Amino acid sequence: SLQPNAGSQGEYAGLLAIRAWQQARGQGQRDVCLIPSSAHGTNPASAQMVGMKVVVTKCDDNGNVDLADLKVKCEQHADKLACIMITYPSTHGVFETHVKEVCQLVHQHGGRVYLDGANMNAMVGVAAPGEFGGDVSHLNLHKTFCIPHGGGGPGVGPVCVVEDLVPYLPGHQTAGDARKIGAVSAAPLGNAAVLPISWMYVRMMGGAGLTHATEAAILSANYISKRLKDHYPTLYASANGHVAHECILDLRGLKDTSGVMAEDVAKRLADYGFHAPTLSFPVANTLMVEPTESETLEEIDRFVDAMIAIREEIRRVERSEWPQDDNPLKNAPHTADSLLTADWPHPYPREVGGALAGRLPGSVKYWPPVGRVDNVYGDRNLFCSCVPVEAFADEAVDAAA
Ligand SMILES: Cc1ncc(COP(=O)(O)O)c(C=O)c1O
């Protein structure tokens with residue numbers, strides 16, 4: 001079904017299909033959804049939305065689903081087990097070698113397998129989720145198939161199911177197809193107008209091109225992980241030391257040695273002209289880098305060089321050359337206004353603050369338009385931005401006049 005307008009809507013539709021299938025077989029009591037602790041936040045949210053009860057299963061030290069814990073939870077909830085939601089490769093950035101066993105275990109206990117396909121960028125052309133034992137998957141066309149995204153849309157999260165679940169996919173009255181679970185979005189084909197982008201992408205890339213894109217995405221992530229290993233260790237890797245299409249850079253140790261947090265590095269990257277990678281997800285105080293196939297080697301090297309330069313700055317704080325509370329990281333990002341002042345109160349030179357050294361010849365300096373903001377201020381200081389009721393009363397008076 002092309003109806004879901006986002007990966008999370010695909011999850012919602014897929015879980016509804018599983019529920020409807022189980023209800024049709026007189027197994028409506030099955031409402032437990034197992035979710036490994038490495039899962040993307042949308043997984044438990046979707047499970048809650050379809051009325052399932054979320055039971056979290058553990059991960060081992062390498063970030064994989066802990067099979068022993070999964071077995072215990074499967075047995076414990078056998079009568080009520082509806083499904084498991086797993087992501088492959090996982091949100092920890094690893095290909096789990098025992099993914100087939102995970103699927104088998106859940107099937108043996110009467111549950112279905114939702115295999116979150118948002119990381120399909122690491123699988124197109126090289127692996128088939130159906131063969132692992134997945135029953136339902138969504139794709140994120142806006143992540144894997146070229147739909148431009150960022151800034152809020154447009155998302156497309158088609159959901160794919162195995163044959164016995166097909167009758168439970170979303171339907172739509174306007175298409176004369178009122179299937180059991182109804183519609184999950186207003187239009188029968190969801191964000192139909194953007195679908196030709198993915199179609200063109202697939203046609204123009206061809207099978208070999210798509211496989212090459214997957215390989216480039218995996219290679220890029222491994223290249224970054226390896227080049228940065230002496231500066232920021234990668235948190236999770238498979239037994240052969242490789243990651244999938246993303247790597248989690250572990251910055252947690254820096255707090256004790258320098259007072260620097262992952263957020264400071266993220267902000268400092270803006271001075272170097274980069275939008276920061278994913279911050280503190282799925283592990284607090286880490287940076288998760290997902291380069292995809294889109295970046296050139298030159299651009300990836302520019303990013304790695306900036307990360308290494310920032311690590312050198314952290315080393316200077318570690319050596320007490322700069323105080324922990326007044327250094328280029330804590331004061332990042334540096335706006336032009338903050339640098340162009342008559343009195344420069346900081347212990348490091350202005351050109352260091354502006355990250356002016358080491359740029360590629362001819363490259364343009366990016367000037368962050370705003371300095372450091374307190375990210376969580378808004379979360380902790382809620383206020384209502386609604387127009388007060390009195391304003392409507394005044395409007396009514398004006399209109400009457
Ligand atoms: C593993 C995983 N699952 C689900 C989603 C949800 O997709 P969407 O943001 O389109 O709702 C994402 C999005 O990044 C994801 O990475």
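Observations
- Total residues in region 268-289 satisfying the condition of being more than 20 Å from Asn222 (Cα to Cα) and open to solvent by less than 50 Å² (accessible area, probe 1.4 Å): the figure is 7.
- Under the condition of being part of a helix (DSSP H, G or I) and touching a helix residue (DSSP H, G or I) at 6+ places or on another chain (Cβ under 7 Å), the residues counted in region 296-338 number 7.
- Region 133-148 residues that are under 17 Å from Trp21 (Cα atoms), paired with ones that are more than 10 Å from the ligand (Cβ to nearest atom) and of a type in the set (Lys, Arg) (beta carbon under 6 Å, 6 or more apart): Asp135/Arg112
- Counted residues, region 144-190 - those being within 13 Å of the ligand (Cβ to nearest atom) and at pLDDT 90 or above: 9
- Screening region 21-58 for residues that are outside any strand (DSSP E or B) and β-branched (Val, Ile, Thr) and picking the one that is farthest from the ligand (Cβ to nearest atom) gives Val50.
- Residues (open to solvent by 30 Å² or more (accessible area, probe 1.4 Å), assigned to a helix (DSSP H, G or I) and out of contact with any helix residue (DSSP H, G or I) (no Cβ under 8 Å at 6 or more places or on another chain)) located in region 236-265: Lys255, Asp256, Glu263
Every residue, every condition in (1) modelled with pLDDT of 95 or more; (2) open to solvent by 30 Å² or more (accessible area, probe 1.4 Å), yes or no:
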position	(1), (2)
Tyr12	yes, yes
Arg30	yes, no
Ser37	no, yes
Asn43	yes, no
Ala47	yes, no
Gly51	yes, yes
Asn62	no, yes
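- Applying the condition of being touching a residue at least 12 places away in the same chain (Cβ under 8 Å) and charged (D, E, K, R) to region 20-64 and asking which residue is farthest from Ala82 (Cα to Cα) yields Lys58.
- Just one of (1) of a type in the set (Asp, Glu); (2) modelled with pLDDT of 95 or more; (3) within 20 Å of the chain's Cα centre (by Cα) fails for Asp326. It is (3).
- Of the candidates Ile86, Ile18, the single residue that is of a type outside the set (Asp, Glu) and more than 16 Å from the ligand (Cβ to nearest atom) is Ile18.
- Hits in region 122-142 - residues which are in a loop (DSSP other than H, G, I, E, B) and away from the ligand (no atom under 16 Å from the Cβ): Gly125, Val126, Ala128, Gly133, Asp135
- Hits in region 372-394 - residues which are closer than 18 Å to Leu329 by Cβ and either touching a residue at least 40 places away in the same chain (Cβ under 8 Å) or not in a loop (DSSP other than H, G, I, E, B) (or both): Arg372, Asn375
- For Tyr377: the one exception among (1) open to solvent by 70 Å² or more (accessible area, probe 1.4 Å); (2) over 22 Å from Ser280 (Cβ atoms); (3) aromatic (Phe, Trp, Tyr): (2)
- Counting the residues of region 79-100 that are loosely packed, with under 15 Cβ neighbours inside 10 Å and modelled with pLDDT of 95 or more gives 2.
The values are calculated or read from the model by the stated rules, or taken from the named source; none is laboratory data. Please read these numbers as outputs of a predicted model, since none were measured by experiment. Glycine also receives a Cβ, built like all others from the backbone with ideal geometry; neighbour counts cover every protein chain displayed. For accessibility, only protein heavy atoms count, side chains too; no ligands or nucleic acids. Shrake-Rupley method; radii C 1.70, N 1.55, O 1.52, S 1.80 Å.
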